[in-house]
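**Q** The structure under discussion is supplied below as structure tokens; questions concerning it will follow.
The values are calculated or read from the model by the stated rules, or taken from the named source; none is laboratory data. Since the structure is predicted, the reported quantities are computational estimates derived from the model, not experimental observations. A quick note on method: Cβ atoms are made from the backbone with ideal geometry, for glycine too, and the neighbour counts reach across all protein chains shown. Accessible surface areas use protein heavy atoms only, side chains included; no ligands, DNA or RNA. Shrake-Rupley method; radii C 1.70, N 1.55, O 1.52, S 1.80 Å.
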Amino acid sequence: MNNGKFEPKIIGFFCKWCTSAAADLAGTSRKKYPANLIPIRFFCSSRIDPQHVLHAFENGADGVLIGGCHFGDCHYQDGNYKTARRIALLHNLLEEMGIDKRRLRLEWISAAEGEKFTRVVKEFTEEIRKLGPIKGNGA
């Protein structure tokens, strides 16, 4: 129950090998984080097409969190480097579309960093809560 308080909807696109495993670790370790996150697993963060992010925003997401492996740890060698470049372009595109680029966050979270996963989700949820609902989402 939100008592009229804005509760952001956050879509999380996570690499299977690192960030998604960190989410599992956070869960099995009984770490608590906001329930605003809807996680979607990809084999690699580089498989997240910009259209996936735009589709999320078009369909009601107030924020999008992308998680991948640290540099040098990518299961597919250099997928995270591609992701980093793609996110920089997406930040520019979002600003051109009038969407605050803080609504899209990229984090490198390894499978062993359940605590970091929890902290990042809490921080991002709070940041999006402060930004308020995205315009045009019917909120």
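**Q** Has region 77-96 got at least one residue that is assigned to a loop (DSSP other than H, G, I, E, B), touching a Phe, Trp or Tyr at 6+ places or on another chain (Cβ under 9 Å) and crowded, with 17+ Cβ neighbours inside 10 Å?
**A** The answer is no, given that none of the residues of region 77-96 is assigned to a loop (DSSP other than H, G, I, E, B), touching a Phe, Trp or Tyr at 6+ places or on another chain (Cβ under 9 Å) and crowded, with 17+ Cβ neighbours inside 10 Å.
**Q** Can I ask one more? Taking the conditions exactly as written (among the small types (Gly, Ala, Ser) and closer than 18 Å to Phe117 by Cα), does Gly27 satisfy them or not?
**A** Against the criterion (among the small types (Gly, Ala, Ser) and closer than 18 Å to Phe117 by Cα), Gly27 qualifies.
**Q** If you don't mind, another one. Of Glu7, Glu58, which residue is charged (D, E, K, R) and free of Cβ contacts under 8 Å to residues at least 24 places away in the same chain?
**A** Checking each option against the conditions leaves just Glu58.
**Q** Identify all residues within region 12-59 that are among the hydrophobic types (A, V, I, L, M, F, W, C) and either in a strand (DSSP E or B) or open to solvent by 80 Å² or more (accessible area, probe 1.4 Å) (or both); write none if there are none. Please lay out each step first, then the result.
**A** Residues of region 12-59 that are among the hydrophobic types (A, V, I, L, M, F, W, C), as a first pass: 13-15, 17-18, 21-23, 25-26, 35, 37-38, 40, 42-44, 48, 53-54, 56-57.
Answer for region 12-59, where residues must be among the hydrophobic types (A, V, I, L, M, F, W, C) and either in a strand (DSSP E or B) or open to solvent by 80 Å² or more (accessible area, probe 1.4 Å) (or both): Phe13, Phe14, Cys15, Trp17, Ala35, Leu37, Ile38, Ile40, Phe42, Phe43.
**Q** Output the number of residues of region 81-139 satisfying the condition of being closer than 24 Å to Ala22 by Cβ and among the acidic types (Asp, Glu).
**A** 6
**Q** Which residues, counting only those in region 63-72, are open to solvent by less than 70 Å² (accessible area, probe 1.4 Å) and either at pLDDT below 95 or more than 11 Å from the chain's Cα centre (by Cα) (or both)?
**A** Within region 63-72, Cys69, His70, Gly72 meet the criteria.
**Q** Here are the criteria: (1) modelled with pLDDT of 95 or more; (2) in contact with a helix residue (DSSP H, G or I) (Cβ under 9 Å, 6 or more places away or on another chain); (3) under 26 Å from Lys130 (Cα atoms). Tell me which single one Thr28 does not satisfy.
**A** For Thr28, the exception is condition (3).
**Q** Oh, and also: Output the residues belonging to region 110-119 that are surrounded by fewer than 19 Cβ atoms within 10 Å (Cβ to Cβ) and part of a helix (DSSP H, G or I).
**A** Across region 110-119, the qualifying residues are Glu115, Lys116, Arg119.
**Q** Now for a separate question. Just the residues that are in contact with a Phe, Trp or Tyr (Cβ under 8 Å, 6 or more places away or on another chain), closer than 15 Å to Val121 by Cα and of a type in the set (A, V, I, L, M), please, taken from region 25-76.
**A** Leu25, Ala26, Ile40, Val64, Leu65, Ile66
**Q** From Lys130, Lys122, Lys135, grab the single residue that is within 12 Å of the chain's Cα centre (by Cα), surrounded by fewer than 20 Cβ atoms within 10 Å (Cβ to Cβ) and under 19 Å from Ile11 (Cβ atoms).
**A** Only one candidate qualifies: Lys122.
**Q** Would you confirm, using the coordinates I've provided, whether Asn59 is in contact with a Ser or Thr (Cβ under 7 Å, 6 or more places away or on another chain) and either among the hydroxyl-bearing types (Ser, Thr, Tyr) or more than 14 Å from Glu107 (Cβ to Cβ) (or both)?
**A** In short, no.
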